[in-house]
Amino acid sequence: MCQHGLTFQGNTMVQRHDSTPAQRVQAVCQMRAHAGDYGLVTRLSRDLGVSRQTLYTWLEHGSSAMEAAFGPGPAAPTVTTALARPILTLLVEGHASVRGIQACLRATTGQQVSVGTISAVIREAHRRALAWMSTHAPPTSRAIALDEIYGRRRRGAYLNVVDLDSWAVWAAEGPLPVDTDTWTLVLWETQARGLRWHATVSDGAPAMQQACRVVDPDGQHGRDVWHLLHTCSQVQGRIDRVVASLEAQVATAQRYVARVAAGERPRGRQPVALEPTHAAQLTTARQTAQALRTLTGDLHALLEVVVLRPTGVVDAVTRQDDLDALLVLLGEVRDGAAAGQGAHLHSLHTTLTRALPAALAFVAGVERVQQDLHGVVGTAGLALLAWAWQRRGILGPGTEQVVAGLPEAWRQAARVLMTTWDGVARASSAVEGWHSIVRPHLAVHRTLSAGLLAVLAVWHNHRVFTRGAHRGASPLQLSGMAEAPSDWLVALGYPPPMPALAPAAAPAAPQVAMAA
């Protein structure tokens, strides 16, 4: 028999039962197994030393626990399109977390939506977006940009393939290790989805370059020119800081001399600027900075799509000779640089020497078209077309507006030339723009799943540009998929919201003639 005693809860005396969990389980099992047997509850009450009401309470608790463990789970909440659309809009355009979405819905619409329901909606969107990305590809060959963006603490990266002309995202995978094998698998996967490309552009990372050579050994794989020019700008800043440091030493020396001339006690050691060699160092540092600035400007001009000079359009051979001469001059500037500048110039010289062949990958194709059409327009005509194309933003803004002002015999050749110049793949700005979309979501979620990346890519691909040269078109439409909807949620199978019904017009009040 169970031992029990009395205890108090507040001012009320209650009876405490010293039964064990095993005894309670056995009692509940016996009552469920022999339900309806006469005298069973009375016997258990006597043996355990508890009241009949306590036994019935145990039976109720035990039955509830068994139903919860073995009964069917709660029915899944019904998610309507009217609920899914605001949830996904807040996720993508509001950069909201799951609980942030819950708070926004409660504050703006008064809806009480559980975290589980919101998570279920997002998981279903992930599934649909991944299916969409695996079954859609542009109908024509594209120029693509490759790059990766690192996640939290650089534990893996998100690898992206973006269309250079339309800015459509064709692949977004991660987080994955950044190596040749991973990039190779990503490129093979995009090929399996139907993507075809004729040119790639990257920032020159070894893993991407090697993967491109493995997947497409005969293709055009270029180097982003803006990364090179940015590197030149960074080195220019370091060289200028050396000049500024030397000039600051001159100012310190002037204050030192002024104190001595006034008969005051000098502070600290004699400034290094009073040494005979300092003036020569400062002059050399200034000349080095100016020389680098000039060479950077020349490099910028030589990396343009069309290099136009008073003598005409520069051909590929002359362009290469000028770049070789620029590297020789940069080496001379490096060798004659002031202390503190040589190391930076050595690094820059090495970077440019290795990167320029890939940065000029686009030149061969442009040169071939220019040579083919040289017989139609001539040297002077080619220079005129290049001049007009460089100022197309003023004369156009479109190619047809520029071509309309040319002689009839030149127009077809001009269209081919300007289309070729417009389509040159030499910058990876498109993928950098995609990174600017991914970064806020990475800050909110810390880690982005493959499904969320696919949702963002589908949203971006269907989004219609509201300004700029592509205003009124989406990336998919610019990629040749003219039938693509402008609503990304429709593309994922979420119907558009029903238009709000206009309120019925109130009946006109009867006009009552007033007596004069």
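FYI, it's all coordinate maths here, none of it is from the lab. Nothing here was measured: the structure is a model prediction, and the numbers come from that model. Every residue, glycine as well, gets a Cβ built from its backbone with ideal geometry; the counts of neighbours run over all protein chains shown.
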Task: Derived scalar couplings ³J(HN,Hα) [region 46-51; Karplus, 6.51 cos²θ - 1.76 cosθ + 1.60; whole Hz; x for Gly, Pro] - done: 6, 5, 8, x, 10, 7
- [ ] Towards the positive end of the charge dipole of region 319-452, with charges on Cβ (+1 Lys, Arg; -1 Asp, Glu), say which of Leu448, Ser428, Val363 has the farthest Cα.
- [x] Leu448
- [ ] Jot down the radius of gyration and Dmax of region 349-473, Cα atoms only, both in angstrom.
- [x] 20.0, 59
Open item on the list: With equal scatterers on the alpha carbons only and no solvent term, can you work out the Debye log10 of I(q)/I(0) for the chain at 0.10, 0.11 1/Å?
Closed with: -0.99, -1.09
Open item on the list: Using only the alpha-carbon atoms, how far is helix 316-335 inclined from the longest principal axis of the chain? Give it as 0 to 90 degrees, nearest 10.
Closed with: 90
Task: Neighbour-count order for Ser63, Ser97, fewest beta carbons within 10 angstrom listed first - done: Ser63, Ser97
Open item on the list: What does the extension gain come out to for Trp188 and Arg354, with contour length at 0.36 nm per residue minus their alpha carbon separation?
Closed with: 57.1 nm
TODO: Could you please rank Val115, Val162, placing first whichever residue has the fewest other Cβ atoms within 10 Å of its Cβ?
DONE: Val115, Val162
TODO: Under 1.5 on a/c is rounded, so check that first for region 195-280, then, if it is not, pick prolate when a/b is larger than b/c and oblate when it is not; a ≥ b ≥ c are the square roots of the alpha carbon gyration tensor eigenvalues.
DONE: prolate
TODO: With label points built 7 Å along Cα→Cβ from the Cα atoms of Asp487 and Asp47, find their separation and express it in nm.
DONE: 6.8
Open item on the list: Looking only at the chain, where both bridge partners belong to it, what percent of the DSSP beta bridges are antiparallel (to the nearest 5)?
Closed with: 70
- [ ] Using a/c under 1.5 as the rounded threshold, could you call region 173-216 rounded, prolate or oblate? The axes a ≥ b ≥ c are square roots of the C-alpha gyration tensor eigenvalues, and prolate needs a/b larger than b/c, oblate otherwise.
- [x] oblate
TODO: Return the whole-Å distance between the Cα centroid of region 113-127 and the Cα centroid of region 22-72.
DONE: 41
Open item on the list: Between helix 81-92 and the chain, what is the angle of the helix's C-alpha long axis to the longest principal axis, kept within 0 to 90° and rounded to the nearest 10?
Closed with: 50
Open item on the list: Based on alpha-carbon centroids, what's the gap between region 266-305 and region 152-177 in Å, whole number please?
Closed with: 41
Open item on the list: Quick check on region 109-211: of the DSSP beta bridges with both residues there, what percent are antiparallel, nearest 5%?
Closed with: 75
Open item on the list: Placing unit charges on C-beta atoms (Lys and Arg positive, Asp and Glu negative, everything else neutral), compute the dipole magnitude of the chain about its Cα centre in debye, rounded to 20.
Closed with: 1820
Task: Burial ranking of peptide ranges 190-203, 243-256 (average Cβ count within 10 Å, highest at the top) - done: 190-203, 243-256
